[in-house]
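Quick notes on the structure that follows.
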Amino acid sequence: MSIERIGIIGAGQMGNGIAHVCSLAGFDVVMEDINPEALDRAMQRIEKNMHRQAARGLIKDEQIAPALKRIHISRTLDDMKDRDLVIEAATEDESVKRKIFHDLSPRIGPNTMIATNTSSISITRLAAATDRPEHFIGLHFMNPVPMMQLVEVIRGIATDDATFQAALEIVKRVGKTAAYAEDFPAFIVNRILLPMINEAVYTLYEGVGNVEAIDTAMRLGANHPMGPLQLADFIGLDTCLSVMQVLYEGLADSKYRPCPLLVKYVEAGWLGQKTGRGFYDYRGEHPVPTR
């Protein structure tokens, strides 16, 4: 299965990161989003991040212009018709993803492979929303994609060996390391990481410590590069809640119950860095804890 032309659905943080690494690896990329402003922001971010990598000596300056030329933006799924692989990187909402796959399937060739960047949702269930479950796989890139080295590769129950091997080759070509995960809720990384974040929110909710104390404790006491509440803001509190709901519903274990305070923040629209407020307020010169 030869993959040279890749389509990416979604120009958000994950979508533009995947476009970034694929273009640098020599793939021809079409990045689609229904929001033209999102596409413009994505291209600006990709160029900025590539220059940042060059300044740090991670890539060469002369790689940037050719890589940017390999990325074509689109507002319609019709432009996926000639792609060898399409990677869905939309919001972590199963109904949204299923609708995308339903609309995508008749627009692509019979041999086109489909991947999802979901961080928690069943690959088998999403594959069933397509007309090609045997050519469907999970490719969960970590955030931020250009910097993080891991990609979780997850087979659904119907995924064939050719699709799995092609996925491993793609991960290798973009310079990442693959970790094979079974198709259980939240896979490996988020099965471990998100309950830790949820427990940090419970620690805040129960008054054991305030935001600053909890993050300082985990940075200095566990040598984490950032505290769990700061990390939650970086991921997006809506995404954190979605993953915890998948774990809670999929495994039926009370230890995965989302903290009511996390729910409250999401209901308020305080989703973290992307909205300007979460466990920290980012609207001033420096982030300030909100509790």
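The values are calculated or read from the model by the stated rules, or taken from the named source; none is laboratory data. Everything quoted here is computed from the prediction, not taken from an experiment. Cβ placement follows ideal geometry from the backbone for every residue including glycine, while neighbour counts extend to all protein chains displayed.
In region 191-208, what count of residues is obtained for those that are surrounded by fewer than 17 Cβ atoms within 10 Å (Cβ to Cβ) and more than 25 Å from the chain's Cα centre (by Cα)?
So the count comes out to 4.
Within region 259-273, track down each residue that is outside any loop (DSSP other than H, G, I, E, B), closer than 24 Å to T216 by Cβ and under 22 Å from the mean Cα position of the chain (by Cα).
Within region 259-273, L262, Y265, G272, Q273 meet the criteria.
Quick check: anything in region 96-107 in contact with a strand residue (DSSP E or B) (Cβ under 8 Å, 6 or more places away or on another chain) and part of a loop (DSSP other than H, G, I, E, B)?
Checking region 96-107: not a single residue is in contact with a strand residue (DSSP E or B) (Cβ under 8 Å, 6 or more places away or on another chain) and part of a loop (DSSP other than H, G, I, E, B).
Only residues that are without any contact (Cβ under 8 Å) to a residue 24 or more places away in the chain and either within 15 Å of F184 (Cβ to Cβ) or in contact with a helix residue (DSSP H, G or I) (Cβ under 9 Å, 6 or more places away or on another chain) (or both): list them for region 265-274, please. Spell out the reasoning first.
We begin by selecting, within region 265-274, every residue without any contact (Cβ under 8 Å) to a residue 24 or more places away in the chain; these are 267-269.
If the condition is that a residue be without any contact (Cβ under 8 Å) to a residue 24 or more places away in the chain and either within 15 Å of F184 (Cβ to Cβ) or in contact with a helix residue (DSSP H, G or I) (Cβ under 9 Å, 6 or more places away or on another chain) (or both), then G269 is the only one that fits.
So, in region 6-24, how many residues would count as being under 21 Å from I108 (Cβ atoms) and either of a type in the set (A, V, I, L, M, F, W, C) or in contact (Cβ under 8 Å) with a residue 60 or more places away in the chain (or both)?
11
Please specify each residue of region 239-258 satisfying the condition of being outside any loop (DSSP other than H, G, I, E, B), among the basic types (K, R) and without any contact (Cβ under 8 Å) to a residue 60 or more places away in the chain. If you could, list the steps in order and put the result at the bottom.
Here is the first cut: in region 239-258, the ones outside any loop (DSSP other than H, G, I, E, B) are 239-251, 254-256.
Subset that is among the basic types (K, R): 255.
If the condition is that a residue be outside any loop (DSSP other than H, G, I, E, B), among the basic types (K, R) and without any contact (Cβ under 8 Å) to a residue 60 or more places away in the chain, then no residue fits.
If you scan region 212-238, which residues turn out to be in contact with a strand residue (DSSP E or B) (Cβ under 9 Å, 6 or more places away or on another chain), crowded, with 22+ Cβ neighbours inside 10 Å and in a helix (DSSP H, G or I)?
The initial filter retains those residues of region 212-238 that are in contact with a strand residue (DSSP E or B) (Cβ under 9 Å, 6 or more places away or on another chain), namely 212, 215, 229-230, 232-238.
Narrowing further to those that are crowded, with 22+ Cβ neighbours inside 10 Å: 215, 229-230, 232-233, 235-237.
Listed by number, the residues that qualify are D215, L229, Q230, A232, D233, I235, L237.
Kindly indicate whether R125 is among the basic types (K, R) and under 27 Å from Q245 (Cβ atoms). Don't jump to the end; show me each part of the working.
Numbers: among the basic types (K, R): yes; under 27 Å from Q245 (Cβ atoms): yes.
Yes.
Say whether the condition of being of a type outside the set (K, R), in a helix (DSSP H, G or I) and surrounded by 22 or more Cβ atoms within 10 Å (Cβ to Cβ) is met by at least one residue in region 154-161. Spell out the reasoning first.
Of the residues in region 154-161, the ones of a type outside the set (K, R) are 154, 156-161.
Within this subset, residues satisfying the condition of being in a helix (DSSP H, G or I) are 161.
With surrounded by 22 or more Cβ atoms within 10 Å (Cβ to Cβ) added as a condition, the list becomes none.
No, every residue in region 154-161 fails to be of a type outside the set (K, R), in a helix (DSSP H, G or I) and surrounded by 22 or more Cβ atoms within 10 Å (Cβ to Cβ).
Okay, residues lined up against (1) in contact with a helix residue (DSSP H, G or I) (Cβ under 7 Å, 6 or more places away or on another chain); (2) surrounded by 14 or more Cβ atoms within 10 Å (Cβ to Cβ):
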| position | (1), (2) |
| --- | --- |
| E62 | no, no |
| L77 | yes, yes |
| L104 | yes, yes |
| G109 | no, no |
| R125 | no, yes |
| T130 | yes, yes |
| N143 | yes, yes |
| Q149 | no, no |
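Any chance region 166-174 includes a residue that's under 18 Å from the mean Cα position of the chain (by Cα), more than 19 Å from M147 (Cα to Cα) and either touching a residue at least 40 places away in the same chain (Cβ under 8 Å) or not in a helix (DSSP H, G or I) (or both)?
Within region 166-174, one or more residues are under 18 Å from the mean Cα position of the chain (by Cα), more than 19 Å from M147 (Cα to Cα) and either touching a residue at least 40 places away in the same chain (Cβ under 8 Å) or not in a helix (DSSP H, G or I) (or both).
Kindly provide the set of residues from region 12-59 that are within 20 Å of G236 (Cβ to Cβ) and part of a loop (DSSP other than H, G, I, E, B), ordered by number.
Result: G12, D33, I34, N35.
Given the residues K69, K81, which is the only one that is surrounded by fewer than 20 Cβ atoms within 10 Å (Cβ to Cβ) and closer than 20 Å to M1 by Cα?
Numbers: K69 fails: closer than 20 Å to M1 by Cα.
Criteria check complete, one pass: K81.
Which condition from (1) over 26 Å from G272 (Cβ atoms); (2) of a type outside the set (S, T, N, Q); (3) in a strand (DSSP E or B) is the one that I3 breaks?
Just one mismatch for I3, condition (3).
I'd like to know if region 153-168 contains one or more residues that are under 23 Å from G12 (Cα atoms), at pLDDT 95 or above and either among the polar types (S, T, N, Q) or in the same structural domain as D253 (by TED's automatic domain parsing) (or both). Walk me through it before giving the result.
Of all residues in region 153-168, those under 23 Å from G12 (Cα atoms) come to 153-154, 167.
Then keep just the ones that are at pLDDT 95 or above; that gives 153-154, 167.
Now drop any that are not either among the polar types (S, T, N, Q) or in the same structural domain as D253 (by TED's automatic domain parsing) (or both), which leaves none.
No, that holds for no residue.
Do the conditions hold for A178, that is, is it at pLDDT 95 or above, among the small types (G, A, S) and in a helix (DSSP H, G or I)?
Numbers: at pLDDT 95 or above: yes; among the small types (G, A, S): yes; in a helix (DSSP H, G or I): no.
It is false that A178 is at pLDDT 95 or above, among the small types (G, A, S) and in a helix (DSSP H, G or I).
Can you name the condition, by its number, that D161 falls short on among (1) over 17 Å from the mean Cα position of the chain (by Cα); (2) touching a residue at least 12 places away in the same chain (Cβ under 8 Å)?
(2)
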